[in-house]
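Okay, structure first, notes after.
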């Protein structure tokens with residue numbers, strides 16, 4: 001019987017990602033996996049990705065909205081890593097065959113102009129570190145069957161990170177009331193969900209502060225130039241070849257994505 005360790009869990013999850021083959025949750029076989037160890041697995045995953053030539057370009061928050069928490073039956077937000085290979089240019093298609101069972105959700109995206117380090121970061125301090133705000137889409141792709149997982153499972157799996165798209169409209173944070181910034185989320189031209197920035201922890205700045213304070217406990221700060229995906233505003237939708245999704249925001253513009 002294989003002994004479960006941080007290194008073995010990272011290998012299992014990377015293999016699932018690379019071979020596009022989902023599996024049961026790690027906790028089915030490693031029931032003692034706790035949150036602290038899960039973050040160690042996540043860090044090992046990212047260490048191996050950067051050793052393979054990827055570059056960390058920011059962080060994402062997961063399960064920050066009530067819609068996401070209710071869907072996944074989880075009540076705690078989490079943090080994970082973004083790398084340059086996850087980025088899709090605006091207008092580029094998503095090749096669904098490169099993923100397992102992708103889903104897409106709309107996001108509010110920050111670009112940091114200043115270093116942001118916890119603990120004790122408030123939403124106001126977090127927003128003061130933001131250079132620009134963008135609309136975005138995140139493509140999530142859990143390595144677990146049917147997106148079934150516990151909180152340690154999804155943390156270890158880098159919060160189902162797969163791809164992301166950042167829109168072309170940049171706004172200064174002081175130009176916006178992000179709690180009221182509205183989003184229409186469409187699939188094949190039909191509105192499937194609506195939300196405002198308040199869906200993310202009450203205000204996306206609260207999510208950014210949460211990220212800074214959470215990462216500080218692991219000795220990590222948010223660096224200038226990094227992207228921060230603040231969390232899905234709505235539930236994610238499953239996409240297939242031929243699916244067209246778009247997030248249209250009041251002031252942040254529209255971000256489309258076509259799947260092939």
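A few remarks follow.
- Test: residue in region 29-46 that is in contact with a helix residue (DSSP H, G or I) (Cβ under 8 Å, 6 or more places away or on another chain), more than 22 Å from residue 217 (Cα to Cα), part of a loop (DSSP other than H, G, I, E, B) and at pLDDT 95 or above: yes
- Tally of residues being assigned to a loop (DSSP other than H, G, I, E, B), farther than 19 Å from residue 116 by Cα and either at pLDDT below 95 or touching a helix residue (DSSP H, G or I) at 6+ places or on another chain (Cβ under 6 Å) (or both) across region 188-235: 5
- Any hit, region 144-164, residues being at pLDDT 95 or above, surrounded by fewer than 19 Cβ atoms within 10 Å (Cβ to Cβ), touching a strand residue (DSSP E or B) at 6+ places or on another chain (Cβ under 9 Å) and assigned to a helix (DSSP H, G or I): yes
- When residue 96 is tested against (1) over 16 Å from the mean Cα position of the chain (by Cα); (2) over 20 Å from residue 15 (Cα atoms); (3) surrounded by fewer than 20 Cβ atoms within 10 Å (Cβ to Cβ), exactly one condition is not met: (2).
- Region 1-28, residues that are out of contact with any strand residue (DSSP E or B) (no Cβ under 8 Å at 6 or more places or on another chain) and part of a loop (DSSP other than H, G, I, E, B): 1, 2, 3, 4, 5, 20, 21
- Residue 130 falls short of the stated requirement of being at pLDDT 95 or above and closer than 25 Å to residue 257 by Cα.
- Exactly one residue among 138, 107, 54 is touching a strand residue (DSSP E or B) at 6+ places or on another chain (Cβ under 6 Å), at pLDDT 95 or above and assigned to a loop (DSSP other than H, G, I, E, B), and that residue is 54.
- Residue in region 57-67 that is modelled with pLDDT under 95, in a helix (DSSP H, G or I) and crowded, with 16+ Cβ neighbours inside 10 Å present: yes
The values are calculated or read from the model by the stated rules, or taken from the named source; none is laboratory data. Only a predicted model underlies this, so the values are computations on that prediction, with no experimental measurement involved. Virtual Cβ from ideal backbone geometry, glycine too; neighbours counted across all protein chains shown.
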